[in-house]
Amino acid sequence: MRSRLDVFLKSKENVANKEYKIAASIGSAGGVINKAIDVQNLMDRADEKTYADKKARKEAGN
(Lines give C-alpha, C1' and ligand atoms only; values in the text may rest on other atoms or scores of the structure.)
Protein backbone atom coordinates (compact mmCIF):
# COMPACT_ATOMS: atom_id res chain seq x y z
CA MET A 1 0.00 0.00 0.00
CA ARG A 2 2.75 2.46 0.96
CA SER A 3 4.66 1.94 -2.30
CA ARG A 4 1.50 2.23 -4.44
CA LEU A 5 0.63 5.53 -2.76
CA ASP A 6 4.20 6.82 -3.21
CA VAL A 7 4.09 5.98 -6.94
CA PHE A 8 0.71 7.67 -7.32
CA LEU A 9 1.78 10.85 -5.51
CA LYS A 10 5.05 11.02 -7.44
CA SER A 11 3.13 10.80 -10.73
CA LYS A 12 0.96 13.75 -9.69
CA GLU A 13 4.04 15.68 -8.59
CA ASN A 14 5.70 15.34 -12.00
CA VAL A 15 2.65 16.36 -14.06
CA ALA A 16 2.80 20.08 -13.36
CA ASN A 17 6.56 20.43 -12.66
CA LYS A 18 5.78 21.81 -9.23
CA GLU A 19 8.54 23.11 -6.99
CA TYR A 20 7.10 21.34 -3.96
CA LYS A 21 6.77 17.69 -3.03
CA ILE A 22 3.52 15.87 -2.35
CA ALA A 23 3.76 13.25 0.42
CA ALA A 24 1.59 11.33 2.85
CA SER A 25 2.32 9.47 6.05
CA ILE A 26 0.33 6.30 6.71
CA GLY A 27 -0.41 4.26 9.79
CA SER A 28 -2.82 1.43 10.34
CA ALA A 29 -3.77 -1.02 13.06
CA GLY A 30 -5.94 -4.08 13.01
CA GLY A 31 -7.98 -6.02 15.48
CA VAL A 32 -10.87 -8.41 15.85
CA ILE A 33 -14.18 -6.59 15.75
CA ASN A 34 -16.24 -7.62 18.77
CA LYS A 35 -17.82 -6.09 21.88
CA ALA A 36 -14.48 -6.04 23.72
CA ILE A 37 -12.54 -4.04 21.11
CA ASP A 38 -11.02 -0.81 22.37
CA VAL A 39 -11.46 1.54 19.42
CA GLN A 40 -9.44 4.33 21.06
CA ASN A 41 -6.50 1.96 21.54
CA LEU A 42 -6.78 0.94 17.89
CA MET A 43 -6.74 4.59 16.81
CA ASP A 44 -3.79 5.34 19.11
CA ARG A 45 -1.80 2.45 17.60
CA ALA A 46 -2.57 3.67 14.08
CA ASP A 47 -1.50 7.21 15.04
CA GLU A 48 1.79 5.90 16.46
CA LYS A 49 2.49 4.10 13.20
CA THR A 50 1.63 7.23 11.21
CA TYR A 51 4.13 9.31 13.18
CA ALA A 52 6.75 6.54 12.92
CA ASP A 53 6.25 6.50 9.13
CA LYS A 54 6.58 10.28 8.99
CA LYS A 55 9.76 10.21 11.06
CA ALA A 56 11.30 7.41 8.97
CA ARG A 57 10.52 9.22 5.71
CA LYS A 58 11.99 12.46 7.09
CA GLU A 59 15.18 10.70 8.21
CA ALA A 60 15.47 9.06 4.79
CA GLY A 61 15.15 12.47 3.13
CA ASN A 62 11.81 11.71 1.48
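The values are calculated or read from the model by the stated rules, or taken from the named source; none is laboratory data. None of these values were measured; they are calculated from a predicted model. Virtual Cβ from ideal backbone geometry, glycine too; neighbours counted across all protein chains shown. Quick note on the areas: whole protein, heavy atoms, side chains included, nothing else; ligands and nucleic acids left out. Shrake-Rupley method; radii C 1.70, N 1.55, O 1.52, S 1.80 Å.
General remarks:
- Relative to the longest principal axis of the Cα atoms of the chain, the long axis of helix 39-59 lies at roughly 30 degrees.
- Tilt relative to the chain, helix 2-15 - C-alpha long axis, 0 to 90 degrees, to 10: 30 degrees
- Accessible area of Asp6 in the full protein assembly, 1.4 Å probe (Å², nearest 10): 60 Å²
- Computed over the chain, the alpha-carbon pair-distance distribution with 5 angstrom bins reads 4, 16, 19, 19, 15, 11, 8, 5, 3, 1, each value a whole percent.
- Ala56 versus Glu19: modelled label distance in nm, points set 7 Å from Cα along the beta carbon direction: 3.2 nm
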